[in-house]
1. Keeping to the range 75-127, report how many residues are surrounded by 13 or more Cβ atoms within 10 Å (Cβ to Cβ), part of a loop (DSSP other than H, G, I, E, B) and at pLDDT 95 or above.
2. Can you tell me which residue is nearest to Val35 (Cα to Cα) among those in the range 61-116 that are within 14 Å of the chain's Cα centre (by Cα) and of a type in the set (D, E, K, R)?
3. In the range 34-67, what count of residues is obtained for those that are modelled with pLDDT of 95 or more, in a strand (DSSP E or B) and closer than 16 Å to Thr113 by Cα?
Amino acid sequence: MTKIIAQTMRDTVYTGAAGNLSIAFGKIDVKAAVVGTEIETLELPIGLEVVGVRVATESGLGTGVTLDIKLNDDIIVSAVNVAAKGSIVIPVQPIYLIEKNILTVVIKGAVATGSVAIMPEYVSVGF
């Protein structure tokens, strides 16, 4: 049996607070939320580098419903389909937070009813 040692095998794996990929959990419950409704989900502190977002729903929010996900006023992910049950991991170009940011979800496409989890992925790099 061949054994290969990858070049990353000797890299340091951090176990402290700085440098680790982390995830925060935000949950949204809506009932007949109209298109354009903005839902503030989490406040993210300065010094984080956001690298992705996970979206999951157990039963969907209704036919035609999509979400835009924003940090403050900047859309980081658009048109996430949450019409039916499902989950998705969406990488984003790393975004370093130089100030507190509000992770906001915007209802698009149709009236939304149900629950969805919004989970930003980030690395704590400090400031």
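1. Looking only at that region, the number is 5.
2. Asp68
3. 5
One line per residue, one yes/no per condition, for (1) closer than 22 Å to Ser22 by Cα; (2) buried (at least 19 other Cβ atoms within 10 Å of the Cβ); (3) charged (D, E, K, R):
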site	(1), (2), (3)
Ala32	no, no, no
Val35	no, no, no
Glu43	yes, no, yes
Glu49	yes, no, yes
Asp73	no, no, yes
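The values are calculated or read from the model by the stated rules, or taken from the named source; none is laboratory data. Not measured: the values here are computed from a predicted model. Backbone-built Cβ (ideal geometry, glycine too); neighbour counts: all protein chains shown.
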